[in-house]
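Bear in mind that the values in this text are calculations on the coordinates, not laboratory data. Because the structure is a prediction, the values reported are computed rather than measured.
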């Protein structure tokens, strides 16, 4: 399954059904067992040729989105974000709402009508609404009941020098990499965990980790690239086009030192483009695997991603290939290089 297909599916935290079904269909012919656990994670297992190592690869299925709270008397939908979304990225964006995929636009008080105080502040979600062209509250809620999800209406496109733009890139790159890995069989026993509800607090991976039978866990994710104008080079956490970003720490986990060195050395030895992720912002599912039961050696391989958690994230496709190449090489390795 290609990245375009995965990104254009809608699947915010708690509403991952469409993504889950697509992954199930793709994984079943390739794995010895595929199941859905109680948290909605897809857990796929592939028996190794030798079974001499037990590995787990993990990527989250869910993206950011919005959820409908209510509607005003004149038919404007009131909503809140699911996951972290800067309200400045939401204003004036096209969205699709509810099971009927009702088209709408995120609106705000026009600049001409704002007071000096309003003009000087970023509008929060109390000042935003979704306009679906409904004539009143009853009509709006008939089409988009409370609890309906809304998604940015933005497709996947490739552009420029090997770049891609889409919603959900920060969620689906890792899923795409794991589906590619399933096409091979490794000496090791490999579990693939496609997790739910990462965007709202790593909830799915907590359940997946409790049930996991693995020694090492490699989390495949994206990291915010700060390779834009005006950012000092020393502050650029990772850069698009420079290869996979290997993370030694984030806000909730610290990579196993031996595993981190093993991955960096492996990338260096095989000529896989790579970089050390140079900040500790954000959270990853690695925390769940590191802390649950007896724990596992963990590390995160992140694709640098510009403009994350918005309608138009940007990655370089060569970095996705580097993520696959390093994950594949690690799964192929015969024994750990470092303890």
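Which angle between 0 and 90 degrees, to the nearest 10, do you get for helix 317-332 versus the longest principal axis of the chain when only C-alpha atoms count? With both axes taken from Cα atoms, the answer is about 40 degrees. Here the average projected area of the convex hull drawn through the C-alpha atoms of the stretch 65-152 stands at 5.4 nm². For the chain, the mean residue ellipticity at 222 nm estimated from helices alone is -7500 deg cm²/dmol, where every DSSP H run of n ≥ 4 contributes -39500 (n - 2.57) and the total is divided by all residues, rounded to the nearest 500. Length gained on full extension, residue 210 to residue 74, computed as 0.36 nm times the residue gap minus the Cα-Cα distance: 44.2 nm. Antiparallel beta bridges, as assigned by DSSP with both residues in the chain, represent about 65 percent of the total such bridges. Compared with the dominant Cα axis of the chain, that is its longest principal axis, helix 17-27 is turned about 30°. Extension gain, residue 105-residue 136: 0.36 nm per intervening residue step, less the Cα-Cα distance, totals 9.5 nm.
Which angle between 0 and 90 degrees, to the nearest 10, do you get for helix 169-181 versus the longest principal axis of the chain when only C-alpha atoms count? Helix 169-181 sits at roughly 30 degrees to that axis.
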